[in-house]
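Everything on this sheet refers to the single structure shown next.
The values are calculated or read from the model by the stated rules, or taken from the named source; none is laboratory data. Here the structure is a predicted model, which means the values were calculated and not measured. Quick reminder, even Gly has a Cβ in these numbers, built from the backbone with ideal geometry, and neighbours come from all protein chains shown.
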Amino acid sequence: MSKVVIIGPAHPLRGGLASFNERLAREYQNQGNEVVIYTFSLQYPGFLFPGSTQFSSESAPSDLTIRVRINSVNPLNWVATGNELKTYRPDLIVVRYWLPFMGPALGTILRRVKKNSHTKIVCIADNIIPHEKRPGDTPFTRYFLQPVDAFVTMSEKVMKDLRQFTNKPAKQVVHPLYDNFGEALSKAEARTYLQLPNDERIILFFGFIRQYKGLDLLLEAMSILKLQQQQNPSLQIPKLLVAGEFYEDRKLYDDLIIKYQLQDQLILRTEFIADSEVKYYLSAADFVIQPYRNATQSGVTPLAYHFEKPMLVTNVGGLPDLVPHGKSGLVAEPNATSIADGIMALYQLGEAHFLPHLKEEKKKYSWKNLVAAISQLT
């Protein structure tokens, strides 16, 4: 049995990183290891956090050991946490890196740990070069990378970015399935729960709303479909369900909705979607749309695979590698016309066309594969 520590967001924090880390901890536990997650007492100062709250409203997981320790802006806390972990002497630390802002805190903690000359440190790198650039990104990232022994990336883009900084051992692994949100429901049951129409076509945009995710492109695509329907009244076009919290000023999106008069084509659920609600949104949709402007990888893709929902993704970053065109979904160019054409092509092919491919492709997305890759690096 090994002692494994995971450093990164977990309960009482919320969001995709927390869900991932908790699911990874369970995989290590299932394989007979002693596992502790070290999460943040303060993850972001309020002025840096774009959402309504950083904290989950759901109960803490009873099957996991989570220590709320790390203050991202307090250097004395970094030293104390690093010394605590140095003394604990885990065999392995798996640390998440997604934002250069975390570089000073995590880099200092890991430097303290390395003084025990025992613990191996593997980083799961979600991003090396961030989507939104800020002063200090490069030195903060270099500071973080120095004490790390090896890396796992979940897209070719992040691997290329990593290689601009270091030649340390690294492996690329596909993002495992988010299989911790429950099983799929029938479309009718999910729509009844969410009070959505049963007789409408519905596509889903899911997750935090940020500029790089391209919701504005999708709204423009919906306006193209609306115009096509006006020209051909027999054309069936879908409604767009937007499920997720705005992580930036929503005015751009509200202005587009008004400009294109899309109110009747949209179902807006623009608050944070709790973990217990995720299965309803994914089960209710016909297709999942990811109209990203740029991307490394996306946690929405393995979520869609788990619920066996065909996807439309744009031809950016690692998304086309994860969604084989014509099999698990379709790939469009990151512009409104191509996205609109892709949405209609999904319906022309039909959900049943994609289902066998989704079932086969999702087999690659196992947590055992991720743990095995980390083991090979240590």
Which members of segment 266-303 meet the condition of being in a helix (DSSP H, G or I), buried (at least 23 other Cβ atoms within 10 Å of the Cβ) and touching a Gly at 6+ places or on another chain (Cβ under 8 Å)?
300
Condition first: assigned by TED's automatic domain parsing to the domain that holds residue 307, assigned to a loop (DSSP other than H, G, I, E, B), at pLDDT 95 or above and on the phi > 0 side of the Ramachandran plot. Can you find one or more residues in segment 183-197 that meet it?
yes
Residues of segment 52-104 satisfying the condition of being assigned to a strand (DSSP E or B) and modelled with pLDDT of 95 or more
66, 67, 68, 69, 70, 71, 92, 93, 94, 95, 96, 97
Filter result for the condition that a residue is out of contact with any strand residue (DSSP E or B) (no Cβ under 6 Å at 6 or more places or on another chain), at pLDDT 95 or above and either among the aromatic types (Phe, Trp, Tyr) or not assigned by TED's automatic domain parsing to the domain that holds residue 208 (or both), over 365, 347
347
Is one or more of the residues making up segment 286-298 of a type in the set (Ser, Thr, Tyr), touching a Leu at 6+ places or on another chain (Cβ under 6 Å) and at pLDDT below 95?
no
If you take the residues in segment 156-215 that are touching a helix residue (DSSP H, G or I) at 6+ places or on another chain (Cβ under 9 Å) and among the aromatic types (Phe, Trp, Tyr), which one is surrounded by the fewest Cβ atoms within 10 Å (Cβ to Cβ)?
193
Being modelled with pLDDT of 95 or more and of a type in the set (Asp, Glu) is the filter; apply it to segment 207-254 and report the residue that is nearest to residue 298 (Cα to Cα).
216
Please specify each residue of segment 356-375 satisfying the condition of being loosely packed, with under 12 Cβ neighbours inside 10 Å and either closer than 23 Å to residue 169 by Cβ or touching a Cys at 6+ places or on another chain (Cβ under 7 Å) (or both).
368
I'd like the full set of residues that are surrounded by 17 or more Cβ atoms within 10 Å (Cβ to Cβ) and more than 12 Å from residue 308 (Cβ to Cβ), limited to segment 345-355.
346
